[in-house]
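**Q** My questions all concern the structure below.
FYI, it's all coordinate maths here, none of it is from the lab. Quick caveat, the model's predicted, so the values are computed rather than measured. Cβ placement follows ideal geometry from the backbone for every residue including glycine, while neighbour counts extend to all protein chains displayed.
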Amino acid sequence: MAYDGKDKVLEEVTAKAYEFGFTTDIESDKAPPGLSEDIIRFISDKKNEPEWLLKWRLDAFAVWQKMEEPEWPHLNYTQPDYQAISYYSAPKQKKVLGSLDEVDPELLRTMEKLGISLEEQKRLSGVAVDFVMDSVSVATSFKAKLGELGIIFCSLSEAVQEHPELVKKYLGSIVPTKDNFFAALNSAVFTDGSFCYIPKGVRCPMELSTYFRINESGTGQFERTLVIADKGSYVSYLEGCTAPQRDENQLHAAVVELIALDESEIKYSTVQNWYPGDAEGKGGIYNFVTKRGICHERSKISWTQVETGSAVTWKYPSCILKGDHSIGEFYSVAVTNNCQQADTGTKMIHLGRNTHSTIISKGISSGRSQNSYRGLVQIMPSAENARNFSQCDSLLMTDTSGAHTFPYIEVKNPSAKVEHEATTSKIGEDQIFYCLQRGIDAEQAISLIVNGYAKDVLNQLPMEFAVEARKLLAISLEGSVG
Amino acid sequence: MLKINQLKASVVGTPILKGLDLHIRPGEVHAIMGPNGSGKSTLASVLAGREEYEVSEGSVDFDGHDLLDMDATERARSGLFLAFQYPVEIPGVSNINFMRAALNGKREHAGLDPIAAKDFLNLVKEKASLVELDGRLRDRSVNEGFSGGEKKRNEIFQMAMLEPKLAVLDETDSGLDIDALRIVAHGVNSMRSPERSFLVITHYQRLLDYIVPDFVHVLVDGKIVRTGGKELALELEERGYDWIKEGVVS
């Protein structure tokens, strides 16, 4: 009781500071730079959040303050000044442009190469589009169809208001606030993200995509996604898009949590094409992402990612194979060019019996970039008859780029079968010349060779996505050889 | 078709071709024979436009155009085909897609639209039967896991698909058993026409029993030192290259 009283006093004091310290700012749509409890209260209040969520955020913040930014990745960058960042700004109306003539021609050229339709080009670059063509209306009709099946697909903020019981139960259950430096930061200050729930036995009839939502509000710098597949359900979720995405925020720290209940399946595909910085390594997004899923009995989670953007990528989509007979998969293509750096891979934690995991990672390094695969396969004592197969290939396009592999394998059950294959190769002058001699130009030759190399991963992507992703690989490597 | 004049070329500073002359008219089949290291494969690479080979002197006219002025892709699109001594593997790229890209590249050069899917598949079927390349090999990745014989048959299949004006066969017979040799030769022979020329580079006379040349040239130390009819090949088979080499020195 005494403690309760103490807490109350504390609360009052802090609330007061907030009340006075922020009287002016509370009216504005943008918080001043810096991170403090007050800012977190401000964000939570702006979003009209319940008390438990505010407390959750504050706990995360307390943990974060005691944490150090990780230095173990094979990355070299200047750590962001976390007090110089503004952690909240209301969803801004994107500046509406009159016509495509006002859009950066380089951006348009890339989109054209990707085969993005003119209407889509306008939408992505923020040009006002005909009302009929507006995808928001399309999205609404999709939403109605999903609603009939009991599927919930909305922003996380909306879910907090409409489905608090689900959010409260699962938020942070897979990626706890104290999991790592960036996850803790995200937990404290996340502004929005996606929420998806598929009811028991329902097979989601379409690929769910953040595509639409981007249009409605613009992605946050600290995005948080929660996908729950109830027993026996199935969902395929797409994140990102192949069009180049620019953002004034340099730091991105997202968290994605997947919950696959018994006999369900979640397929999560990502194409990440944030601004990578210029050829000299100036600018570009720092992308620090925590993605993890839990598999209950006989369920399956499959991560597929095509990473071509960002100046710095730190990302390890992982699976906790808790249930017996559950399956985890990770398919990745990571391309780095110019001065980009990527440290990416996965963790497969086997807890249940007869659990299987597959890892296929294809790194492609060009320019002066550094590309690392970092993975952990962990077979716990309880994981009888667990199996893992890992294949980590690296392709070097230039003499000045680097490919690194850091595979960790921990086996604590003698019945486990773990296989690891790795190759590093340089793109063959012979292969390129062979193509040239058949009348294929250099650019197309590289595209063919690289796409062939990454085929096992690209084949995992949903059809439409795969077509664009293939083109994206070629564009990302433009000017690499020759 | 092809006029080579006093061609001199080197690789990493070492001169290999030292003033080579060769004249091939449309419809002719020329064979180039010579001991190891005489420059046979270098000639093939120089003609195809491999960048590591530096041409220091001489000229090459290909069908009225300055060949040395074109890059490798342009040469191919203009109708020059090289059957590789060691065909290259390209994992993950199906033979079919590879050929479609090649054929459409050539068509683009000629101002034509990409080939329709149906026409393309019919063409593949027709040309593949020429070298008995079955469907399994057509759908597999380019040369990946092919046997030596299958790789060479695939080269001739590609040649048939692209219908070049001039085909350079670089030691196509190496590593072939007698059955594969016959199939490859059949593919080449059925493509002989008054418009199409062949330059057959080989170390052994055996191939020339099947692909009968109009002219045989002997290449020694980067120069053609002797030219004759098909009987010259037989003489070489019997006597080796030493007598010619000695003749050159003296």
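**Q** Take B:Trp243, A:Trp274 and order them by how many other Cβ atoms sit within 10 Å, fewest up front. Mind showing how you got there, number by number?
**A** Working: B:Trp243 11, A:Trp274 23.
Lowest count first: B:Trp243, A:Trp274.
**Q** In whole percent, what relative contact order does chain B give with Cα contacts below 8 Å and a gap of six or more residues?
**A** Working: 450 pairs, mean separation 69.4, N = 250.
With pairs under 8 Å counted, the relative contact order is 28 percent.
**Q** Using R₀ = 56 Å, calculate the FRET efficiency as 1/(1 + (r/R₀)^6) where r is the Cβ-Cβ separation of A:Glu410 and A:Lys143; round to 0.05. Show your work: numbers first, answer last.
**A** Numbers: r = 44 Å, r/R0 = 0.78.
For R0 = 56 Å, the calculated efficiency reads 0.80.
**Q** Filter the trypsin sites (Lys or Arg not before Pro) in region A:377-482 to those in DSSP coil with at most 15 other Cβ atoms within 10 Å of their Cβ, and list the result. Please report the intermediate quantities before stating the final value.
**A** On the way: sites: A:Arg387, A:Lys412, A:Lys417, A:Lys426, A:Arg438, A:Lys455, A:Arg470, A:Lys471; in loops: A:Lys412, A:Arg438.
Sparse-neighbourhood loop trypsin sites (Lys or Arg not before Pro): A:Lys412.
**Q** So, one more: Enter the mean number of other protein chain beta carbons within 10 Å of the beta carbon of each residue in B:65-77, as an integer. Could the numbers behind the result be given before it?
**A** Details: counts 0, 0, 0, 0, 0, 0, 4, 11, 10, 3, 3, 7, 4.
Other-chain Cβ atoms within 10 Å of each residue's Cβ, averaged: 3.
**Q** Between region A:311-389 and region B:198-231, what is the separation of their alpha carbon centroids in Å?
**A** Using only Cα atoms, the two centres lie 56 Å from each other.
**Q** Using the Cα centre as the reference, give the magnitude of the dipole from point charges on the C-beta atoms of region A:375-456 (Lys, Arg: +1; Asp, Glu: -1; all else neutral), rounded to the nearest 20 debye. Don't skip to the end; give the middle numbers.
**A** Values: 6 positive and 11 negative charges, 58 e Å.
The dipole of region A:375-456 has a size of about 280 debye.
**Q** A further question follows. Would you tell me the mean number of C-beta atoms belonging to other protein chains that fall within 10 Å of each C-beta in B:89-98, as a whole number? Walk me through the numbers before you get to the answer.
**A** On the way: counts 4, 11, 8, 12, 11, 2, 0, 0, 3, 6.
For peptide B:89-98, the averaged partner shielding equals 6.
**Q** Under 17 Å from a point placed 7 Å out from the Cα of A:Glu443 along the Cα-to-Cβ direction: which residues of region B:53-80 have their backbone N that close?
**A** B:71-74
**Q** Please compute the Kirkwood hydrodynamic radius over region A:289-383, one decimal place, Å, based on all pairs of different Cα atoms. Don't skip to the end; give the middle numbers.
**A** Details: mean 1/r = 0.0736 Å⁻¹.
With all distinct Cα pairs of region A:289-383 included, I get 13.6 Å.
**Q** Just to be sure I understand the model, the point goes 7 Å from the Cα along the line to the Cβ. What's the resulting B:Asp66 to A:Ser382 distance in nm?
**A** Taking the simple label geometry, B:Asp66 and A:Ser382 are separated by 7.6 nm.
**Q** Would you mind giving the mean number of other chain beta-carbons within 10 Å of the Cβ of each residue in A:422-433, as a whole number?
**A** Details: counts 0, 0, 0, 1, 0, 0, 3, 4, 7, 6, 4, 10.
Per residue, the average neighbour count from other chains is 3.
**Q** If R0 is 41 Å, what FRET efficiency do you get for A:Ala62 and A:Met206 from their C-beta distance, rounded to 0.05? Can you show the working numbers first?
**A** Working: r = 41 Å, r/R0 = 1.00.
The value I calculate is 0.50.
**Q** Could I ask something else about it? For a quick check: with amide H placed at 1.01 Å from N, whose amide H comes under 5 Å from A:Gly281's, ignoring anything fewer than 5 positions away on the same chain?
**A** Residues meeting the criterion, in which the H sits 1.01 Å from N, are A:Cys339.
**Q** Taking neighbour Cβ counts within 10 Å as the exposure measure, how do B:Ser193, A:Ser366 sort from fewest upward?
**A** Details: B:Ser193 10, A:Ser366 26.
With the sparsest Cβ surroundings first, the list reads B:Ser193, A:Ser366.
**Q** Which trypsin sites (Lys or Arg not before Pro) in region A:270-323 sit in a loop by DSSP (not H, G, I, E or B) and have at most 15 other Cβ atoms within 10 Å of their own Cβ? Don't skip to the answer; put the middle values down first.
**A** Details: sites: A:Lys282, A:Lys291, A:Arg292, A:Arg298, A:Lys300, A:Lys315, A:Lys322; in loops: A:Lys282, A:Arg298, A:Lys322.
Those that pass, being in a loop and sparsely packed, are A:Lys282.
**Q** Sorted from largest down, what three extents in whole angstroms do the Cα atoms of region B:31-107 have along their principal axes?
**A** Each principal axis gives a Cα extent; for region B:31-107 these are 38, 31, 24 Å.
**Q** Here's something else I'd like to know. If amide H atoms are built 1.01 Å from N in the plane of the peptide, which residues on other chains or at least 5 residues away come under 5 Å of the amide H of A:Lys426?
**A** A:Leu396
**Q** Once you've got the Cα coordinates, tell me which of A:Lys168/A:Lys291; A:Lys143/A:Lys267; A:Lys178/A:Lys347; A:Lys46/A:Lys267 are over 26 Å apart. Mind showing how you got there, number by number?
**A** Numbers: A:Lys168/A:Lys291 19 Å; A:Lys143/A:Lys267 20 Å; A:Lys178/A:Lys347 18 Å; A:Lys46/A:Lys267 33 Å.
Violating the 26 Å limit, Cα to Cα: A:Lys46/A:Lys267.
**Q** Based on DSSP H runs of at least 4 residues, each adding -39500 (n - 2.57), what is the mean residue ellipticity at 222 nm of chain B after dividing by all its residues, to the nearest 500 deg cm²/dmol? Walk me through the intermediate numbers first.
**A** On the way: 10 runs with 98 residues, N = 250.
So the calculated ellipticity at 222 nm is -11500 deg cm²/dmol.
**Q** Any idea what diffusion coefficient chain B gets from Stokes-Einstein, in µm²/s, Kirkwood Rh on alpha carbon pairs, 37 °C, 0.692 mPa s?
**A** Stokes-Einstein gives a translational diffusion coefficient of 176 µm²/s.
**Q** Enumerate the amide H contacts of B:Leu169 below 5 Å, restricted to partners 5 or more residues apart or on another chain; note that Pro and chain-start residues carry no placed amide H.
**A** Correct list: B:Ala83, B:Leu199, B:Val200, B:Ile201.
**Q** Separate question: How about region A:308-348: which chymotrypsin sites (Phe, Trp or Tyr not before Pro) there lie in a loop by DSSP and see at most 16 other Cβ atoms within 10 Å?
**A** Numbers: sites: A:Trp314, A:Phe330, A:Tyr331; in loops: none.
Here no loop site has a sparse enough neighbourhood.
**Q** What ranking of B:Ile178, A:Ile294 emerges when the number of other C-beta atoms within 10 Å of each C-beta is taken as an exposure proxy, fewest first? It would help to have the intermediate numbers written out before the result.
**A** Working: B:Ile178 9, A:Ile294 24.
Exposure proxy ranking, most exposed first: B:Ile178, A:Ile294.
**Q** Still on this structure, please answer the following. Looking at region B:2-249, what % of its DSSP beta bridges pair antiparallel, to the nearest 5? Write out the running numbers ahead of the final one.
**A** Numbers: 26 of 44 bridges.
Roughly 60 percent of the DSSP beta bridges within region B:2-249 come out antiparallel.
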